[in-house]
Amino acid sequence: VAYSGHFGSYLLGPEDRALVVALVRAMRAAVPRRVAVCCKIRLLDSSSETIELVAALRDAGADVVAIHGRKRATWHKRGPGARDGPADLAAI
């Protein structure tokens, strides 16, 4: 459903990351500073991509970024990135 509806982890593709950062920036601007802005993402294809996105979210105003230990699900839910595989705790 998330894949076809284009939401959740399917907004983590390179083409949508600027949108996600803009959403966080807008949320930070819309709520009082005493309200924490929190994000949850999944691991991206590389550690450097994940760190780059976390830094962009922080710079946009996120107070907390939680990283789910799996990559976004594949359409077929098999192999690397499948939702039912073990979390990659080393990557966290």
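The values are calculated or read from the model by the stated rules, or taken from the named source; none is laboratory data. Just so we're clear, the structure is a prediction, and the values are computed from it rather than from any experiment. FYI the Cβ positions are ideal-geometry reconstructions off the backbone, even for glycines, and counts take in every protein chain you see. For the accessible areas, the whole protein counts, side chains as well, though only heavy atoms, and no ligand, DNA or RNA atoms are used. Shrake-Rupley method; radii C 1.70, N 1.55, O 1.52, S 1.80 Å.
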- Among the residues of region 49-62, write down those that are touching a strand residue (DSSP E or B) at 6+ places or on another chain (Cβ under 8 Å), more than 17 Å from Tyr10 (Cα to Cα) and open to solvent by less than 70 Å² (accessible area, probe 1.4 Å). Ala62
- Message: Residues that are touching a Gly at 6+ places or on another chain (Cβ under 7 Å) and farther than 16 Å from Ile92 by Cβ, at least 2 per element: which helices (runs of 4 or more DSSP H) completely within region 1-69 meet that?
- Response: 17-30
- Message: Return the residues of region 23-48 that are under 14 Å from the mean Cα position of the chain (by Cα) and open to solvent by less than 50 Å² (accessible area, probe 1.4 Å); say none if nothing qualifies.
- Response: Val24, Val37, Cys39, Ile41, Arg42, Leu43, Leu44, Ser46
